[in-house]
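Below is one structure, written out as structure tokens, with a few remarks after it.
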Amino acid sequence: MKKPKYIFVVGGVMSGVGKGVTTSSIAYLLEARGFRVAPIKIDPYLNVDAGTMNPVEHGEVFVLRSGLECDQDMGNYERFLGRDLSNVNYMTGGMVYKTVIDRERALGYGGRCVEPVPHIPEEIIQRIKRAGEDVNAEVIITEIGGTLGEYQSMMFIEAARLLEIDNPGDVLFVLVSYLPVPHNLGEMKTKPTQYAVRTMNSYGVQPDIIIARGEFPLDQKRKEKIAASSGMKSEQVISAPDVESIYDVPLNFEKDRLGDTVLKLLKLKAKKSPDLREWKRFVGKVHDPKSTAKIAVVGKYFATGSFTLSDSYISVIEAAKYAAYHLGMKPELTWVDAEEFERDPKQVAKLSKYDGIIVPGGFGSRGVEGVITAIKFAREKKIPYLGLCYGMQLMVVEFARHVAGLIGANTIEVDKRTPHPVIAIMEEQREKVANGNYGGSMRLGDYPAKLRRGTLAYAAYRTDLIHERHRHRYEVNPAYIQKLTKAGLVFSGVSPDGRLMEIAELRASKHPFMLGSQFHPEFTARPLFPNPLFFAFMKTVKKCL
């Protein structure tokens, strides 16, 4: 096997500038040229995984098929590349340090002193190489989370520096920086990016390519100014202005010949001409919708306002978009705070102006009664409804209370003394919760479900057996399944052993589309291949317009 090439993507000036989309786009363009690529996301945090991170602060927790809880950028990688990734494609500072410490405790270092350098960078390098070996990758592209200058990123950049020393000419650094345009000046400023380069230099590494993010395109004069101050040619500075859709990014990079520049710097020759026709067709649908669908996302994670909400539910948002775009629609997603309906239940009437309602996953009691109020409204007014994980569980609670006559029904996650615990903790989870074992201990990852023919779920998937990703501790209480079924709730998807209820729905004769899934179908949605449940939901929305 030939030695792989390495690309490291780092961020300058501020967080949230688009390192994940940049990494995904470069990986996509390289694969379009015939190369096997292994993308890696590094979270510098000392969390062992992303499962215990607050989605308001860190963004959505994405779940791999294996069940690993990781950063939302892993979702971007899977969506752009159209394939599933594995555990080797993700690491955190906590994983790295824990592995080194556990090895030391087992005398894995033979009694030597264990130090941050070289032992931490050595472990990082080994993990990067394993990710490449996993798919026999020709190019390994690693996104280092955070922003240059942050202490927690230093060990990861040091690992990249050491890798470059051992592999001269085979390592490329991409700096994604931001160029602000202060409103009182009206001029794009390059100085923050120049300082980011200096900070990068202080670590002993030099950017080979600068992705110049900004509200507006970068002009040639500023390209040359950045290039001159950073020791590179102007074609190595790539303009990356704000775009309507992140799916425009790889096409814009292609126009700027970024893929060819990467290959030139790595001394590689394209194995084939890039064929981006399918991607272009998809982007064409994004920009030319024939109608608009107004979708209310009734959620919980509003603690710091709508600025972080899109990150909290990013996979749900993208999954809804894919389905809508393929149906010729533009989805207008509106965030509706469930707590508003708790304070004033009459406010739920505002949902009547929406064409569909989605309730995504969540945890805890905050906003739950507001969500249940919204679900009741969707059922009674026959507004297409899609509930995901908690959205399914609360759909069951609402049905139990207001249709099955189980007064006071609830999930024991919210009310442990409820007279009708229609949602109960899974048996294998009971001891874990009692012992405070929360990290990485839920029902996680890919599980099969059998579908019942003649249902909405079967019509969506068109197969008897499906596999989808889970992230939950609670389930429909088996003791209530008969009562709920008798009252008219249809469990159209169940685990192969018949024990776990995976999909609940109302008959088409009772409601145009009222369905909830215990799993998270948003995790398997792809731009070119919408998830079947989201597609079925949006198809119904289109019919009801």
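Taken together, the values in this text are just the output of simple stated rules run on the coordinates, not laboratory data. Just so it is clear, the structure is predicted and the values come from calculations on it, not from any experiment. Neighbour counts run over all protein chains shown; Cβ positions are idealised from the backbone, glycine included.
Values (i) -1.00; (ii) -0.86; (iii) -0.77 are given for comparison; log10 I(q)/I(0) by the Debye sum over Cα atoms at q = 0.10 Å⁻¹, derived from the coordinates here, is the one labelled (ii). Of all DSSP beta bridges in the chain, what percent run antiparallel (nearest 5)? So the antiparallel bridges amount to about 30 percent of the total.
State whether the stretch 480-545 is rounded, prolate or oblate according to the following rule on the C-alpha gyration tensor (a ≥ b ≥ c being the square roots of its eigenvalues): a/c under 1.5 gives rounded; otherwise a/b larger than b/c gives prolate, and the remaining case gives oblate. The shape class here is oblate.
With a threshold of 26 Å on the Cα-Cα distance, the over-threshold entries among Lys41/Lys542; Lys189/Lys269; Lys3/Lys280; Lys321/Lys382 are Lys41/Lys542; Lys189/Lys269; Lys3/Lys280.
Between Ile165 and Val114, the FRET efficiency estimated from the beta carbon spacing at R0 = 35 angstrom works out to 0.95. The shape of the stretch 129-284 comes out oblate: with a ≥ b ≥ c from the C-alpha gyration tensor, a/c is at least 1.5 while a/b does not beat b/c.
For the peptides 334-343, 528-537, the ranking by packing is 528-537, 334-343, with the highest mean count of neighbouring Cβ atoms within 10 Å listed first. Close amide-amide hydrogen proximity is noted between Tyr6 and Ile140, Val171, Leu172, each under 5 Å apart and 5 or more residues distant or on a separate chain (H modeled in the peptide plane; Pro and chain starts excluded).
Below 9 angstrom from the Cβ of Ser315, what's the summed charge of the other residues (Lys, Arg +1; Asp, Glu -1)?
It works out to a net charge of -2.
The slack in the chain from Asn184 to Glu380, taken as 0.36 nm per residue of separation less the alpha-carbon distance, amounts to 65.4 nm.
Legend: calculated FRET efficiency, Thr292 to Ser352, from the Cβ-Cβ distance at R0 = 22 Å, rounded to 0.05, equals 0.85. Taking +1 at the Cβ of each Lys and Arg and -1 at the Cβ of each Asp and Glu, which of Val396, Pro421, Ser352 sits farthest along the dipole of the stretch 289-426 towards its positive end, judged by Cα position relative to the Cα centre? Of the listed residues, the answer is Ser352. Checked against a 22 Å cut-off, the cross-linked pairs Lys285/Lys381; Lys350/Lys376; Lys330/Lys450 give Cα-Cα distances beyond that limit for Lys285/Lys381; Lys330/Lys450. With a Förster radius of 60 Å, plug the Cβ-Cβ distance of Glu215 and Ile407 into 1/(1 + (r/R0)^6) and report the FRET value to the nearest 0.05. Between Glu215 and Ile407 the formula returns 0.65. Taking packing as the residue-averaged number of other Cβ atoms within 10 angstrom, the listed peptides 195-207, 483-495 run from highest to lowest as 483-495, 195-207. Take the alpha-carbon centre of the stretch 386-423, take the same for the stretch 228-256, and report the distance between them in whole Å. A separation of 50 Å, based on Cα centres. First select every other residue whose beta carbon is under 13 angstrom from the beta carbon of Gly169; then total the charges, Lys and Arg +1, Asp and Glu -1. Residues near Gly169 contribute 0 overall.
Compute the length gained on full extension between Glu150 and Asn136: take 0.36 nm times their separation in residues and subtract their Cα-Cα distance, giving the result in nm to one decimal. Provide the component values of the computation, followed by the final result.
Working: separation 14, 0.36 × 14 = 5.04 nm, distance 3.24 nm.
Extending this stretch completely gives an extra 1.8 nm.
When peptides 179-192, 246-259 are sorted by average Cβ neighbour count within 10 Å, with the highest value leading, the order is 246-259, 179-192.
Between amide H atoms placed 1.01 Å from N, distances below 5 Å from Leu500 occur with Ser495, all of them 5 or more places distant or on a separate chain.
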